[in-house]
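The values are calculated or read from the model by the stated rules, or taken from the named source; none is laboratory data. Please read these numbers as outputs of a predicted model, since none were measured by experiment. Don't worry about glycine lacking a Cβ; one is built from the backbone with ideal geometry, like all the others, and counts go over all protein chains shown. These area figures cover heavy atoms from the full protein model, side chains too; ligands, DNA and RNA do not enter into them. Shrake-Rupley method; radii C 1.70, N 1.55, O 1.52, S 1.80 Å.
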Amino acid sequence: MSKMTLLSMSKVYEREDFYRPFINSYEYIDCSDIDGTNCYVDNAALKELRRRLEGIDARGIHFIDSGNYHYLTHLFLEKIPREFELVLIDKHPDCKASMFESLMSCGSWVKDALFNLPNLKRVYMIGVDTELLYELDDLGKCREQALVVRTPSKLSESKLPIYMSIDKDALEESVTSTNWDQGNMTLEELDEWIDYILDNRYLIGADICGEADFEAPKEEHLKNSEINSHLYDRLINS
């Protein structure tokens with residue numbers, strides 16, 4: 001699962017260099033010219049994003065910019081043609097009802113996926129802030145499909161393949177810097193979760209978001225580039 005895809009929504013990857021050693025094995029898709037994508041994605045933008053991703057399936061490792069664009073995970077999930085489960089590593093459940101009912105957002109995409117993608121059978125949530133679990137109330141009949149996981153053994157109860165989505169805002173600020181409030185997961189803890197999943201489940205693909213804002217100081221982009229390189233190396237042999 002070595003293929004790397006970068007979706008540049010804000011041009012932030014121009015300030016990072018973790019992907020440059022893989023010049024012959026990554027695909028860089030510039031979507032920064034598409035209006036209506038920041039935090040919420042309107043219908044015209046969604047149509048254009050699907051068009052640009054037409055040749056990219058869920059397999060591989062996808063870097064999808066900052067958490068403002070985490071809804072891009074939904075576009076990969078809808079490409080999976082068989083039953084599967086999602087592992088979400090994130091400080092936020094992303095299960096809120098959208099403020100604009102017809103528009104998917106970075107905070108509603110998990111709810112939208114559970115409602116609209118019949119192949120998605122369960123979401124395992126890791127690193128979620130317990131104070132935000134009220135968002136799960138918006139899941140209604142899908143509530144039983146969302147499981148907050150504290151111990152890795154819960155992930156071995158099913159044999160369905162896994163898609164993994166990592167938002168780096170689950171990590172403590174000493175590890176990296178994002179443009180959202182952050183959790184308290186250490187890098188060692190994240191590595192342990194990834195290793196357990198790779199050892200016990202078939203991984204279809206993965207995506208990573210949580211970049212800093214484009215205007216952030218150089219050292220924040222350097223930290224993100226280092227963590228992206230680390231996570232890619234961790235996942236590449238799956």
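Only Lys, Arg, Asp and Glu carry charge here, each on its Cβ (+1 for the first two, -1 for the last two); on that basis the range 29-147 has a dipole of about 460 debye about its Cα centre. List the pairs from 111/218; 154/223; 79/111; 79/159; 121/168 whose alpha-carbon separation is above 27 Å, in the order I gave them. Table pairs above 27 Å Cα-Cα are 111/218; 154/223. Between residue 20 and residue 154, the contour length at 0.36 nm per residue exceeds the alpha carbon distance by 44.6 nm. Its Cα centre serving as origin, the chain has a Cβ charge dipole (Lys and Arg +1, Asp and Glu -1) of approximately 1040 debye. Annotation: the range 192-236 has a Kirkwood hydrodynamic radius of 12.1 angstrom, from the mean reciprocal C-alpha pair distance.
Would you please name the GluC sites (Glu not before Pro) within the range 1-102 that are DSSP coil residues with at most 11 other C-beta atoms within 10 Å of their C-beta? Filter output for the range 1-102: 54, 101. Cα centroid separation, the range 89-112 to the range 119-160: 14 Å.
Let's test the formula: R0 of 35 Å, r as the Cβ-Cβ distance of residue 172 and residue 97. What FRET efficiency results, to the nearest 0.05?
0.75
Within the range 77-91, name every residue whose backbone N is under 20 Å away from a label modeled 7 Å from Cα of residue 134 along the Cβ vector. Output list for this probe position: 91. For the range 27-42, 3J(HN,Hα) computed residue by residue from phi via the Karplus equation (6.51, -1.76, 1.60; θ = phi - 60°) reads 10, 9, 10, 7, 10, 5, 8, 8, 6, x, 10, 7, 6, 10, 10, 7 Hz, glycine and proline entered as x.
Taking GluC sites (Glu not before Pro) across the range 179-238, the ones in a DSSP loop with at most 11 further Cβ atoms lying within 10 angstrom of their Cβ are 215. Taken over the chain, the percentage of Cα pairs per 5 Å bin, counting from 0 up to the bin with the maximum distance, is 1, 7, 15, 20, 22, 18, 12, 4, 1, 0.
Projecting label points 7 angstrom from Cα along Cα→Cβ for residue 188 and residue 116 puts them 4.1 nm apart. Close amide H partners of residue 87, meaning residues 5 or more places away or on another chain with modelled amide H under 5 Å apart, are 124, 163, 164, 165. Restricting attention to the chain, close to 5% of DSSP beta bridges with both partner residues there are antiparallel. The heavy atoms of residue 49 offer some 0 square angstrom of accessible surface to a 1.4 angstrom probe.
Solvent-accessible area of the range 60-168 (1.4 angstrom probe, protein heavy atoms only): carbon and sulfur portion equals 49 percent.
Working with all protein chains in place, sort 149, 175 by solvent-accessible area computed with a 1.4 Å probe, largest first.
Largest accessible area first, the residues go 175, 149.
Residues whose amide H comes within less than 5 Å of that of residue 5, counting only those at least five positions distant or on another chain, are 27, 61, 62, 63 (H built at 1.01 Å from N in the peptide plane).
For the chain, what is the mean residue ellipticity at 222 nm derived from helices alone (per DSSP H run of n ≥ 4: -39500 (n - 2.57); sum divided by total residues; nearest 500 deg cm²/dmol)?
-7000 deg cm²/dmol, from helical runs alone.
Taking 105, 174, 66 as the candidate residues, the one with maximal mean-square fluctuation in a Gaussian network model of the chain, Cα springs under 10 Å, is 174.
Connecting C-alpha atoms closer than 10 Å in a GNM of the chain, tell me which of 202, 13, 124 has the biggest fluctuation. For the chain, modelled as a Gaussian network with Cα springs under 10 Å, the answer is 202. A Förster radius of 30 Å, combined with the Cβ-Cβ distance separating residue 230 from residue 50, puts the computed FRET efficiency at roughly 0.50. Note on exposure: 47, 11, 3 ranked by accessible area (1.4 Å probe, complete protein assembly) read 47, 3, 11, with the most exposed listed first.
Residues in the range 153-158 carry Karplus couplings, in order, of 4, 4, 7, 9, 7, 10 Hz; the curve used is 6.51 cos²θ - 1.76 cosθ + 1.60 with θ = phi - 60°, and Gly or Pro positions show x.
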